[in-house]
Amino acid sequence: METRRDFLRTAVVAAATATLGEVALGAASKIPSPDRRGILCDLTACIGCRSCEAACRKEHGLSSVSSLSELGRSNVPERRRPSPDALTVVNEYKHPNGAGSPTFVKVQCMHCDYPACESACIVGAISKKESGPVLWDTDKCIGCRYCMVACPFQIPSFQYDTALKPDIVKCDFCVHRTEKGGVPACVEICPVEALTYGRRSALIEIARKRIENYPDRYRDHVYGEFEAGGTSYLYLAKTDFKELEFPSLKREPMPGTSESIQHGIFAYFVPPISLYSLLGGLMWINKNRQKAEEETTE
Ligand code: SF4
Ligand code: SF4
Ligand code: SF4
């Protein structure tokens, strides 16, 4: 029986062979628009109700969970990541000494300003839009999963409803709403306004003001303002972001690594059979880079 790994290997080789002639390299050097939008997540306000999870699933017609009561405000037994059934998930982090309140962390695509996924994509299926979202073109995607390996936040997942055409699944910033002047479903549903949608530059001002006005409530750190060149999702918290399992990233955009490997493939015309092993190489580089960065920030 063909395993998923066998399928992936076959897909990478076949797709790379078919598309080498019409490759469009990612455009990671674009300067993001000063008007781009973002979402500020204030983790000190989040009560872990998971309404955002339910609203997101409903908005995108995902999974059998149809109501908030089915999700409930429960302790989540394991650290979840977004999946084909859930574009966003909320994880609970107990207070370090067990005495204080837990912190709830909403996780989804960060909509990076310089997306490593865009840069790694060998067919140009992923792009950062001027208004902020990082979106993908299902028709261009060949299912190679370079984006999955390159993402420093472990976000893209794939659904295999159609075996020959696996599709990227991740938060789409609810563009179908925002393009019409609306707000994302998760932001609209949040009962405590832990989520704020708006111009990214204005959100940073709001975040800085909150830190200034309530220094006991917030760490002096807006996560996403600078990490990996900046992201459209921004976070405020009282707890150290490392304890909440946010990756420690430098200010430089991440695409450099994936781009240089990708350019090498085409500059030296590496035979398609080598592409699969390069996926492993990219994963190794990404992992070690993060480890090195964590060590330098300690
Ligand atoms: S978080 Fe990952 S998937 Fe989302 S834009 Fe950044 S690199 Fe791409
Ligand atoms: S912005 Fe839209 S797609 Fe993204 S997590 Fe919120 S509801 Fe889901
Ligand atoms: S809806 Fe708001 S308060 Fe509830 S889990 Fe999501 S972000 Fe937190």
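The values are calculated or read from the model by the stated rules, or taken from the named source; none is laboratory data. It should be emphasised that the depicted structure is a prediction, and the values quoted were computed from it without experimental measurement. Cβ: placed from backbone, ideal geometry, glycine included. Neighbour counts: every protein chain shown.
For a quick check of your reading: which helices (runs of 4 or more DSSP H) sit entirely within segment 104-217 and have at least 3 residues that are more than 13 Å from ligand 2 (Cβ to nearest atom)?
Numbers: elements: 116-120, 146-150, 175-178, 185-189, 200-213.
Passing ranges, in order: 116-120, 146-150, 200-213.
Do we find a residue being part of a strand (DSSP E or B), modelled with pLDDT of 80 or more and within 11 Å of ligand 3 (Cβ to nearest atom) anywhere in segment 93-101?
No, because not a single residue in segment 93-101 is part of a strand (DSSP E or B), modelled with pLDDT of 80 or more and within 11 Å of ligand 3 (Cβ to nearest atom).
Give segment 160-187 a look and list any residue that's away from ligand 1 (no atom under 15 Å from the Cβ) and out of contact with any Cys (no Cβ under 9 Å at 6 or more places or on another chain), or say none.
Across segment 160-187, the qualifying residues are Y160, D161, T162, A163, L164, H176, R177, T178, E179, K180, G181.
Pairs only if they're at least six apart or on different chains, beta carbon under 9 angstrom, first in segment 186-202 and among the charged types (D, E, K, R), second near ligand 3 (Cβ under 6 Å from one of its atoms); list them, first residue then second.
Here the result reads E188/L195, each pair linking segment 186-202 to a residue that is near ligand 3 (Cβ under 6 Å from one of its atoms).
Quick one: count up the residues across segment 159-179 that are at pLDDT below 95 and surrounded by fewer than 19 Cβ atoms within 10 Å (Cβ to Cβ).
Here the count works out to 9.
For segment 126-177, enumerate the residues that are polar (S, T, N, Q) and farther than 26 Å from A54 by Cα.
S127
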